[in-house]
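Let me begin by presenting the structure, written as structure tokens, before commenting on it.
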Amino acid sequence: MGLHGHGVRTRSLLGPLELGDTAGDALITIRRYRCCFCGAVIMVLPRGILAGLRYSAVAIALALALWSTRAMATTAVRQLVSPFKVVGHEAVRRWRSLVRWARGAGAWWGWTIRPGPPRAMAREVARRLAAKALQAKGSLVDDACAAVLFVDGHRLCAKAAAGPTT
């Protein structure tokens, strides 16, 4: 195959790792490989981690599902998903990451999401994730969080390739 180990890299991973976990800040180790033919270096991410994002896929699915289907305020969603309890002046009023995630989620999972209001886009992402649940529980939030670990999330959009975002 032509891939050889090329070391490891650690990175921070925010949010709950599974539904029901408390939000945390964990360090994970990512294995790097180098192609013997072209010299490209690739990183292999475990399921539940999206390239270029600091929050776990479960945290993103949970946040989008709560925000879009239960009409929770962005600040209430942040208190459940983010490990940071002290926030800046702007973050007291809203959590801007939800809008970015709603707009970018289609590219991460290889879907075409119709442009529209961010909450409607988030609802569509939650519905599509929930539809992939291996054993549906009947709750869109639970099913979306369970399914996100089994959906191929290793597609990169151009913005994700640029570097980590919150």
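Stretching the chain fully between ILE28 and VAL8 yields a gain of 6.2 nm (0.36 nm per residue, less the alpha carbon separation).
With a Förster radius of 25 Å, plug the Cβ-Cβ distance of GLN135 and ARG47 into 1/(1 + (r/R0)^6) and report the FRET value to the nearest 0.05. Spell out each step's value before the answer.
Details: r = 17 Å, r/R0 = 0.67.
Efficiency computed from Cβ-Cβ geometry: 0.90.
Using 0.36 nm times the number of residues separating ARG127 and ARG54, minus their current alpha carbon distance, what extension gain do you get?
Going from the current span to full extension adds 24.0 nm.
Can you give the extra length, in nm with one decimal, that the chain gains between PHE37 and GLU90 once fully stretched, where that is 0.36 nm per residue apart less the Cα-Cα distance? Before the final figure, lay out the partial values.
Values: separation 53, 0.36 × 53 = 19.08 nm, distance 4.81 nm.
Using 0.36 nm per residue and subtracting the Cα-Cα distance, I get 14.3 nm.
Helix content alone sets the calculated 222 nm mean residue ellipticity of the chain: runs of n ≥ 4 DSSP H residues at -39500 (n - 2.57) each, divided across all residues, give -11000 deg cm²/dmol. For the chain, the fraction of C-alpha pairs more than 22 angstrom apart is 43%.
In this Cβ point-charge picture (+1 for Lys and Arg, -1 for Asp and Glu), the chain has a dipole of about 420 debye about its Cα centre. Mean sequence separation of contacting Cα pairs (under 8 Å, at least six apart), scaled by the length of the range 9-166, corresponds to a relative contact order of 26 percent.
Identify the chymotrypsin sites (Phe, Trp or Tyr not before Pro) of the range 73-134 meeting these criteria: DSSP loop state and at most 16 other C-beta atoms within 10 Å of the C-beta.
Values: sites: PHE84, TRP95, TRP101, TRP108, TRP109, TRP111; in loops: PHE84, TRP95, TRP109, TRP111.
Those that pass, being in a loop and sparsely packed, are PHE84, TRP111.
Every number in this text was worked out from the coordinates using simple rules, so none of it is lab data. What you are looking at is a predicted structure, and each value in this text was computed from that prediction instead of being measured. For neighbour counting, all protein chains shown are included, and Cβ atoms are generated from backbone atoms with ideal geometry for every residue, glycine included.
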